[in-house]
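Presented below is the structure to which this report refers.
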Amino acid sequence: MTKGKLNIGIILGSTRVGRVSPQVGDWVKQIADKRTDANYEVVDIADYNLPFLGTTDGTDSGIVAWNKKISHLDGFVFIVQEYNHSITGALKNALDLAREPWNNKAAGIVSYGSTGGARAAEHLRGILGELLIADVRVHPTLSLFTDFENYTTFKPAELHFTNVDAMLDQVISWSSALKTLR
């Protein structure tokens, strides 16, 4: 990655078989890659085989690699799906398995679900605050009914492209400002 540019991770918040978060994450990355203000990468929590918090001594290779990855990033875009009015257990666990690596960084949220994932995003905002992550205001919400064909094939409405770009503007501004605190 280019030295000097911010590193922004697009965090896939689901590990479920048949998940659509990789489609959404890749779409966000395609939009981000048209920009020149940061290095963007998709970070899939499924790749880290994270154990449940408190079930190990914390020295597992997955936990160590996860913390190293989060430490390397200057900001985040969380791809959040709504499960039972909240975020996934896998995402909550991944957030809890790192602490200081999250601190003083910024994040945007792209959510989806029957109500655009709004309830999951609101739950995530409270968790991010506890981890000293500043979440930005622009929040693209995707509907399972209008932005996905048969609930599985992602086909976003045109308005979401503008919203993602505006969210990324805010993530970059806040990530730049917060980098001075680290």
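The values are calculated or read from the model by the stated rules, or taken from the named source; none is laboratory data. Worth saying up front: this structure is predicted, and the values here are computed from it rather than measured. Here the Cβ positions follow ideal geometry from the backbone for every residue, glycine too, while neighbour counts run over all protein chains shown. Ligands, DNA and RNA are stripped out before the accessible areas are found, and what is left, the full protein with its side chains, is counted by its heavy atoms. Shrake-Rupley method; radii C 1.70, N 1.55, O 1.52, S 1.80 Å.
Return the ratio Rg/(2.2 N^0.38 Å) for the chain, where Rg is computed over Cα atoms only.
Details: Rg = 15.4 Å, N = 182, 2.2 N^0.38 = 15.9 Å.
For the chain, the normalised Cα radius of gyration is 0.97.
Measure off 7 Å from each Cα along the Cα-to-Cβ vector at Ser114 and Glu41, then give the distance between these two points in nanometres to one decimal.
In this crude spin-label approximation the distance works out to 3.8 nm.
Can you give the FRET efficiency for Val64 and Lys5, using 1/(1 + (r/R0)^6), R0 = 41 Å, r = Cβ-Cβ distance, to the nearest 0.05? It would help to have the intermediate numbers written out before the result.
Values: r = 25 Å, r/R0 = 0.62.
After rounding, the FRET efficiency stands at 0.95.
In terms of Cα to Cα distance under 28 Å, which lysines are near enough to Lys5, apart from those fewer than 8 places away along the same chain?
Lys29, Lys34, Lys68, Lys69, Lys105, Lys179
Taking the Cα centre of the range 57-182 as origin, work out the dipole magnitude from +1 charges on Lys and Arg Cβ and -1 charges on Asp and Glu Cβ, in debye rounded to 20. Intermediate values should be presented prior to the final figure.
Values: 11 positive and 14 negative charges, 56 e Å.
With only Lys, Arg, Asp and Glu charged at Cβ, the dipole is about 260 debye.
For Ala177 and Ala157 in one chain, what is 0.36 nm times their gap in residues minus the Cα-Cα distance, to one decimal in nm? Present the calculation step by step, with values, prior to reporting the outcome.
Values: separation 20, 0.36 × 20 = 7.20 nm, distance 3.15 nm.
So the extension gain works out to 4.0 nm.
Quick one: pull the percent of accessible area on the chain belonging to carbon and sulfur, 1.4 Å probe, ligands and nucleic acids left out. The partial results should precede the final answer.
On the way: 4560 of 8660 Å².
Percent of accessible area from carbon and sulfur atoms in the chain: 53.
Name the residues whose placed amide hydrogens come within less than 5 Å of the amide hydrogen of Val80, ignoring near sequence neighbours (fewer than 5 apart) on the same chain.
Val110, Ser111, Tyr112
Expressed in whole Å with the largest first, what are the equivalent ellipsoid semi-axes of the range 21-80 derived from the C-alpha gyration tensor as the square root of 5 times each eigenvalue? Intermediate results must be reported in sequence, preceding the final value.
Details: eigenvalues 141, 35, 12 Å².
So the three semi-axes of the range 21-80 are 27, 13, 8 Å.
With both partners inside the chain, how many of the DSSP beta bridges are antiparallel, as a percent to the nearest 5? Intermediate values should be presented prior to the final figure.
On the way: 3 of 28 bridges.
Restricted to the chain, the bridges split so that about 10 percent are antiparallel.
Evaluate the distance, in nm, between pseudo-label points positioned 7 Å from the Cα of Asp169 and of Lys29 along their respective Cα→Cβ axes.
For Asp169 paired with Lys29, the spin-label model returns 2.5 nm.
Contact order normalised by length for the range 1-114, with contacts defined as Cα pairs under 8 Å and 6 or more residues apart; what percent is it?
Values: 169 pairs, mean separation 38.3, N = 114.
For the range 1-114, the relative contact order is 34 percent.
So what J values fall out for the range 11-16 if you push phi through Karplus, 6.51 cos²θ - 1.76 cosθ + 1.60 with θ = phi - 60°, rounded to Hz, Gly and Pro as x?
Using θ = phi - 60°, the values come out as 8, 7, x, 9, 10, 5 Hz.
What length, rounded to one decimal in nm, is gained on full extension from Thr146 through to Asn93, with 0.36 nm per residue of separation minus their alpha-carbon distance? Before the final figure, lay out the partial values.
Values: separation 53, 0.36 × 53 = 19.08 nm, distance 2.98 nm.
Value of the extension gain: 16.1 nm.
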